[in-house]
1. Please determine, by comparing only the residues of the range 19-66 that are at pLDDT below 90, of a type in the set (Val, Ile, Thr) and under 20 Å from the mean Cα position of the chain (by Cα), which one is surrounded by the most Cβ atoms within 10 Å (Cβ to Cβ).
2. Within the set of pairs 6+ apart or on separate chains, which have a first residue in the range 8-37 that is of a type outside the set (Gly, Ala, Ser) and assigned to a helix (DSSP H, G or I), a second that is at pLDDT 90 or above and surrounded by 12 or more Cβ atoms within 10 Å (Cβ to Cβ), and C-beta atoms under 7 Å apart?
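The values are calculated or read from the model by the stated rules, or taken from the named source; none is laboratory data. From a predicted model like this one, the values you see are computed outputs, not experimental measurements. In this analysis, Cβ positions are derived from the backbone assuming ideal geometry, glycine residues included, and neighbour counts consider all displayed protein chains.
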Amino acid sequence: MTEATLRRHMIGACALGCAGIALWRLLVSHDVFQDLALGAFWRVALVMASVWLALPTAGRPLAWGRLLALVLITVVIVSIFRKAAILVLPLIAVAAILAVWLRPKPKRHTRRQ
């Protein structure tokens, strides 16, 4: 097991642990709307799960490597036009989905014998 694979498994285990603690806090808390630990553990679990999904595996590179430019453009637009972010963010999300669906597919070359 490589170091990257071990790191990916540790991040996944941390995400599951935080989600488990949040679920436990949800079940035992008397007032879930006042329980700050519940919200904190849910947020950390979601972030760690996102990082776990984005980390490379044996067959593919970083999942977010190609989207770095789109993320940077989004951050700049939102930081400059805060009020327009309500309109801009869904448009950028639709553009990202269309970019993934409409991108040119790599041609597969088959060897003839």
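1. For the range 19-66, the residue satisfying everything is Val51.
2. Sorted first by the residue in the range 8-37, then by its partner, the pairs are Ile11/Met48; Cys14/Met48; Cys18/Phe41; Cys18/Val44; Cys18/Ala45; Cys18/Met48; Ile21/Phe41; Arg25/Phe41.
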